1. Exactly one of (1) surrounded by fewer than 17 Cβ atoms within 10 Å (Cβ to Cβ); (2) closer than 21 Å to residue 73 by Cα is unmet by residue 28. Its number?
2. When you scan the stretch 36-52, how many residues do you find that are buried (at least 19 other Cβ atoms within 10 Å of the Cβ), in contact with a strand residue (DSSP E or B) (Cβ under 6 Å, 6 or more places away or on another chain) and not in a loop (DSSP other than H, G, I, E, B)?
3. Only residues that are under 24 Å from residue 110 (Cβ atoms) and either over 14 Å from the mean Cα position of the chain (by Cα) or part of a helix (DSSP H, G or I) (or both): list them for the stretch 69-79, please.
4. Considering only residues that are free of Cβ contacts under 8 Å to residues at least 60 places away in the same chain and in a helix (DSSP H, G or I), look in the stretch 1-35 and name the one that is nearest to residue 67 (Cα to Cα).
5. Let me confirm something: among 62, 55, 73, which residue is in contact with a helix residue (DSSP H, G or I) (Cβ under 9 Å, 6 or more places away or on another chain) and buried (at least 21 other Cβ atoms within 10 Å of the Cβ)?
6. Can you tell me how many residues in the stretch 1-13 are within 28 Å of residue 60 (Cα to Cα) and either in contact with a strand residue (DSSP E or B) (Cβ under 7 Å, 6 or more places away or on another chain) or modelled with pLDDT of 95 or more (or both)?
7. Name the residues in the stretch 72-98 that are closer than 22 Å to residue 44 by Cβ and modelled with pLDDT under 85, would you?
């Protein structure tokens, strides 16, 4: 018996959350969206997701600030994070993976299979 995979997609563009939902629906993945870092942290504390998809470039509280906040919270620091950003830089990716310990990195625009494969890699690596 498998448990349902729950993904929290944090992106200031509601269309991205909708796109992620459509892509992952066929995988029987529950997707919840948050359009701000503050709202995302509140949702995570109420009901921790299996995986977080985290946009970096957001107003008010950017993705790195959300990630830093997650890492200082005992309840949230174990949740795998996939960074999703419009920045297309190998430097950004190296920093994301090596220095911060995020689980994976996707660059917008991404193809549906890029998202599915990234999620599958993270779930496999985390044993989820």
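The values are calculated or read from the model by the stated rules, or taken from the named source; none is laboratory data. Predicted model, so just to flag it, every value in this text is computed and none were measured. Don't worry about glycine lacking a Cβ; one is built from the backbone with ideal geometry, like all the others, and counts go over all protein chains shown.
1. Unmet condition: (2).
2. 3
3. Scanning the stretch 69-79 gives a single hit, 70.
4. 17
5. Numbers: 62 fails: buried (at least 21 other Cβ atoms within 10 Å of the Cβ); 73 fails: buried (at least 21 other Cβ atoms within 10 Å of the Cβ).
Of the residues listed, the single one that is in contact with a helix residue (DSSP H, G or I) (Cβ under 9 Å, 6 or more places away or on another chain) and buried (at least 21 other Cβ atoms within 10 Å of the Cβ) is 55.
6. Step one: list which residues in the stretch 1-13 are within 28 Å of residue 60 (Cα to Cα), which gives 6-13.
With either in contact with a strand residue (DSSP E or B) (Cβ under 7 Å, 6 or more places away or on another chain) or modelled with pLDDT of 95 or more (or both) added as a condition, the list becomes 6-12.
Of the residues in that region, 7 qualify.
7. 85, 96, 97
Residue-by-condition table, conditions (1) under 20 Å from residue 113 (Cβ atoms); (2) modelled with pLDDT under 95:
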position: 45; (1), (2): no, no
position: 53; (1), (2): yes, no
position: 61; (1), (2): no, yes
position: 101; (1), (2): no, yes
